[in-house]
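The values are calculated or read from the model by the stated rules, or taken from the named source; none is laboratory data. All values reported here derive from a predicted model rather than from experimental measurement. Quick reminder, even Gly has a Cβ in these numbers, built from the backbone with ideal geometry, and neighbours come from all protein chains shown.
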Amino acid sequence: MKKFYVVLVVIAMVLVSSIAMAVDVTVGGSVQIRSRNFNTMNFNKDAKLNQVDTQERVIMDISATSDNVKGKISLWNDFEDWGRLETNQGNGFGSTTGTGVSGANATGTSTAGHFGFKEAWLSFNLPGIPVNVTAGHQYLQLGNGWFLQNKHFGSDAWVVANVTGPNTLAFVNIKVNEGNASFASDDADAYAVLDVFKINEDISVGVDIANVKVRPNVGGPFAGTDLLNYSLNFNGKFGILKLMAQADVQSGNIKPGNGAPEPKFKGYEVVVQGNVGLDPVTINFLLAQGSGAKSTDTDVKQYINFLDINPRYTFLYEYKLGTAAFGGPYAPAPLGNSAHTGFANTTAASVGVMFAAGKSLNLGLDAYWLQATEKITNGVGEESDEIGIEVDAKVNWKLYDNLSWNWDLGYFKPGKAYKTAAGTTDAAMGVQGILALKF
């Protein structure tokens, strides 16, 4: 009985404290079941390199909001394989792709547990001045998200923003890697200044300048990096047309020290995307190109980006199979070594349609033409820029207000650039369904 009274007292104190501080605390989250079946991931049907699994993700969000202060904690166990012989969930934290399950050389190794904080940040308005400060582990994106996008694992960062009328000016500082806390020569940091101006309710333009610094003692081919990315972006709605565009150019160099060469960054990227709403049909389109590098280049001419592991455009090519982006220090290598690289060394064009088949059912189909901006060497030593063609289908089914079951299906027919050492270019296929409850 005494323990019961103690519990009541604690609950009462929390309630009184919440009322006194006028803090609104909410608890939410989601449970998601992901089913996957990917076939011929190394473009050789005889090798039977497939990935078949069922996984589960659990997220719990706690948010606190008052007049000028808010914060959020999001605790999750990321997609973890079923059937791991009752292994305790949350044994570690890492990439949901697991060991060797992305890229054309995938092994299909099952994923371990991924338990940790998805978000943990606080945000407040400075008293008396129109400045907001957000600090902690948070989602970040610059522009339309084709240079920097981290909406999966999040980043440790400070964001200081000023909103004056239609204009937003912000400074971002990201701690990418912390080495020895006693000195900074083995750290990696990123800084950005951005400005977004809202012309009207339907049109906005933005500019941002980002600086990525990788100190010499970090190690790897990009040790000593001082990369600058200059970006312009546009978002507009003109009647039934919604249009988004982003253009980036890069400069800076790599100074590894010890008399080593000091290559310069010379990459670029242009992305135009949008849709036309013709209820119940929406037509989607995409045109994009990111610079690549030749094997003889001494400078870094391929566009460098920093993107999370979420799917962005193609369901197979960029998300699962490995792209035309480089595998070596500065030059391209055979495909299958790098996924989640956006349009690095990739030229893409696509058109698609989304059809509202019912109140709770949407059906979509997208076709992509893909080419390497600069030729790469395939598995038999030939140079080619023919990446291939991909067709993706979507089935988005809303069973109830808080329950959805969405499916993606993809077919990728590789071109000569994907030819394997066995001389094969067999088509890769995949299907993925996510049953998601949000509360």
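Scanning the stretch 291-310 for residues that are under 13 Å from Phe265 (Cβ atoms), touching a Ser or Thr at 6+ places or on another chain (Cβ under 8 Å) and not aromatic (Phe, Trp, Tyr) yields Ser291, Lys301, Gln302, Asn305.
Of all the numbered requirements in (1) without any contact (Cβ under 8 Å) to a residue 60 or more places away in the chain; (2) closer than 20 Å to Asn345 by Cα, Thr373 misses one, and that requirement is (1).
When Ser295, Ser251 are checked against the criterion of being without any contact (Cβ under 8 Å) to a residue 40 or more places away in the chain and over 20 Å from the mean Cα position of the chain (by Cα), a single residue qualifies: Ser251. Here the stretch 37-52 is the region considered, the condition is being crowded, with 19+ Cβ neighbours inside 10 Å and assigned to a strand (DSSP E or B), and the residue that is modelled with the highest pLDDT is Phe38. Out of Ser295, Ser251, one residue alone is farther than 23 Å from Tyr418 by Cα and either at pLDDT below 90 or not in a helix (DSSP H, G or I) (or both). It is Ser251. If you check Gly358, Gly433, Gly342, Gly388 for being more than 30 Å from Glu80 (Cα to Cα) and either surrounded by fewer than 21 Cβ atoms within 10 Å (Cβ to Cβ) or within 22 Å of the chain's Cα centre (by Cα) (or both), only one passes: Gly358. Screening the candidates Ala324, Ala288 for the property of being among the small types (Gly, Ala, Ser), part of a loop (DSSP other than H, G, I, E, B) and either at pLDDT 95 or above or closer than 25 Å to Gln250 by Cα (or both) yields one hit, Ala324. Within the stretch 308-319, being surrounded by 22 or more Cβ atoms within 10 Å (Cβ to Cβ), touching a residue at least 60 places away in the same chain (Cβ under 8 Å) and not aromatic (Phe, Trp, Tyr) holds for Thr314, Leu316. Is there a residue being in contact (Cβ under 8 Å) with a residue 24 or more places away in the chain, surrounded by fewer than 20 Cβ atoms within 10 Å (Cβ to Cβ) and over 19 Å from the mean Cα position of the chain (by Cα) anywhere in the stretch 144-153? No; the residues of the stretch 144-153 include none that is in contact (Cβ under 8 Å) with a residue 24 or more places away in the chain, surrounded by fewer than 20 Cβ atoms within 10 Å (Cβ to Cβ) and over 19 Å from the mean Cα position of the chain (by Cα). Could you grab me the full set of residues in the stretch 373-386 that are of a type outside the set (Lys, Arg) and touching a Lys or Arg at 6+ places or on another chain (Cβ under 9 Å)? The answer is Glu374, Asn378, Gly379, Val380, Glu382, Glu383, Ser384, Asp385, Glu386.
Being surrounded by 17 or more Cβ atoms within 10 Å (Cβ to Cβ), under 18 Å from His340 (Cβ atoms), among the acidic types (Asp, Glu) and modelled with pLDDT of 60 or more is the requirement here; does Asp78 meet it? Yes: the conditions hold for Asp78.
Within the group Glu383, Glu390, which residue is modelled with pLDDT of 95 or more and more than 28 Å from Thr225 (Cα to Cα)?
Details: Glu383 fails: modelled with pLDDT of 95 or more.
Just a single option satisfies the conditions, and that option is Glu390.
Between Asp226, Asp208, Asp195, the distinction of being under 19 Å from Ile174 (Cα atoms), modelled with pLDDT under 95, in a strand (DSSP E or B) and under 24 Å from the mean Cα position of the chain (by Cα) belongs to Asp226 only. Scanning the stretch 415-430 for residues that are among the charged types (D, E, K, R) and either assigned to a strand (DSSP E or B) or surrounded by 18 or more Cβ atoms within 10 Å (Cβ to Cβ) (or both) yields Lys419, Asp426. When the stretch 154-180 is limited to residues that are in contact with a Lys or Arg (Cβ under 7 Å, 6 or more places away or on another chain) and surrounded by fewer than 19 Cβ atoms within 10 Å (Cβ to Cβ), the one that is farthest from Asn345 (Cα to Cα) turns out to be Pro166.
Looking only at the stretch 387-407, residues that are out of contact with any Lys or Arg (no Cβ under 6 Å at 6 or more places or on another chain) and in contact (Cβ under 8 Å) with a residue 60 or more places away in the chain come to 3 in all.
Quick grid of which residues meet (1) modelled with pLDDT of 95 or more; (2) β-branched (Val, Ile, Thr):
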position	(1), (2)
Lys398	yes, no
Lys413	yes, no
Lys419	no, no
Thr424	no, yes
